[in-house]
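To keep things clear, I will list the structure first and then write my remarks on it.
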Amino acid sequence: MKSQLEKELALVRGLVEEFLEDDPFPETVRPPALREAVRLYPLRGGKRLRPALTLWSCGAVGGDPVRALNAAAAVEIYHNWTLVHDDIIDCDELRRGKPTCHVELRKVGTEQFQLNADRARKYGEDFAILAGDLQQSWAMDVLLRSTDRGVSPETTLAMARRMESFLGRELISGEALDVEFEYRSARPSRSELAEMIRGKTSALLAFSAECGAMTGLNSPDWNRREVAALSAFAAELGYAFQLQDDLLGVFGEEKTFGKPLFSDFREGKPTILFLKAMESLAGEERIELESMMRKDSYTEQECSEIRTLLEECGARDAVTREAEEASDRALTSLKSLPENRYRDLLEALAGELLKRTV
């Protein structure tokens, strides 16, 4: 039997998916291949966590969540352009178990224009970049149409300004740090990694909650106490989510996790988990763990050895505790809000994300 949280998330998914399917913005995008690419990720499904944060934050401050539907759809569309560009940067072939946007477009180049492999790859990446750019425009257009739901022009304009300043700056800066780490000769510090996570992952979650609260209060003041509390909640939740993601990338089950395990090791990307282990290990064990980075593939034996090293040095437990502490800080931020069913849902979401296996 589904839990109440699962039922409520399913309702959010239904509302957002109906909105995205019916929204007219992509209809006049041309050529047709680009139009389909713009709609690809938003209509592919997903957890819809960010829209849930927006709608439930609106309800948590006493507003009608339906009033925040445009904002909820906007943050989902915005999230998807970052995935499109991220997949190009990371050269990923799969997203949610299906071909990534640039791979789908590569097929268009091959089948429609009979391009050779190199030109089809270039065509796919070029058009995927353009699809992501248009998704940014789509997100802004949807957000500005919040006035159609009774949100004041002042509040709507403040959310748009917040999207263009805080969100765009922080999220792209976080992504840039993540990319730069791969080119540095020196490994980033744990504080630098935390800064990257709070930009790349937490900023959009914080903005999602802010939009919900600002809409629910119909207030343009993003520093207002209730808005700040929900923003802090979502930011800490995002940090805990990423730490949990790092743990699942090593200790999870590939079938339920939805992407290859040890991908961060394969790509040579340091995580908080890896850095904690390197601080704790010494001698041959430290050398052994470092030698496991940037391998083309991993045998079962190598996977087992990495897991053993991370467990025996205490890194796994330390990162688990850090995720729990971030989750506790998130829940503390909610205590200043009135008790209602939407606050309960946000608390339940925090608990579920820390227990997740996918």
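The values are calculated or read from the model by the stated rules, or taken from the named source; none is laboratory data. Given the structure is predicted, the values throughout are model-derived calculations rather than measurements. Counting neighbours? That spans all protein chains shown, and the Cβs are built from the backbone with ideal geometry, glycine included. For the accessible areas, the whole protein counts, side chains as well, though only heavy atoms, and no ligand, DNA or RNA atoms are used. Shrake-Rupley method; radii C 1.70, N 1.55, O 1.52, S 1.80 Å.
One table, with the values for the structure above:
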{"quantity": "Search result, residues across region 207-248 that are more than 19 Å from GLU325 (Cα to Cα) and charged (D, E, K, R)", "calculated": "GLU210, ASP221, ARG224, ARG225, GLU226"}
{"quantity": "Condition check for ASP92: of a type in the set (Asp, Glu), open to solvent by 10 Å² or more (accessible area, probe 1.4 Å) and more than 22 Å from ALA203 (Cα to Cα)", "calculated": "yes"}
{"quantity": "Residue in region 293-313 that is touching a Cys at 6+ places or on another chain (Cβ under 6 Å), farther than 30 Å from ALA213 by Cα and buried (at least 16 other Cβ atoms within 10 Å of the Cβ) present", "calculated": "no"}
{"quantity": "Filter result for the condition that a residue is more than 24 Å from SER333 (Cβ to Cβ) and modelled with pLDDT under 90, over LEU261, LEU248", "calculated": "LEU261"}
{"quantity": "Any hit, region 120-127, residues being in contact (Cβ under 8 Å) with a residue 12 or more places away in the chain, in contact with a strand residue (DSSP E or B) (Cβ under 7 Å, 6 or more places away or on another chain) and surrounded by 15 or more Cβ atoms within 10 Å (Cβ to Cβ)", "calculated": "no"}
{"quantity": "Cβ-Cβ under 6 Å pairs, at least 6 apart or on other chains, region 47-62 side in contact (Cβ under 8 Å) with a residue 60 or more places away in the chain, far side outside any helix (DSSP H, G or I) and surrounded by fewer than 24 Cβ atoms within 10 Å (Cβ to Cβ)", "calculated": "ALA60/LEU337"}
{"quantity": "Set ALA74, ALA60: member being under 25 Å from PRO338 (Cβ atoms) and either more than 16 Å from the chain's Cα centre (by Cα) or surrounded by 14 or more Cβ atoms within 10 Å (Cβ to Cβ) (or both)", "calculated": "ALA60"}
{"quantity": "Criterion (polar (S, T, N, Q) and touching a residue at least 24 places away in the same chain (Cβ under 8 Å)) met by exactly one of SER146, SER165, SER185, SER191", "calculated": "SER146"}
{"quantity": "Single residue of region 19-39 satisfying the filter (part of a helix (DSSP H, G or I) and within 15 Å of GLY124 (Cα to Cα)) that is most open to solvent (accessible area, probe 1.4 Å)", "calculated": "GLU36"}
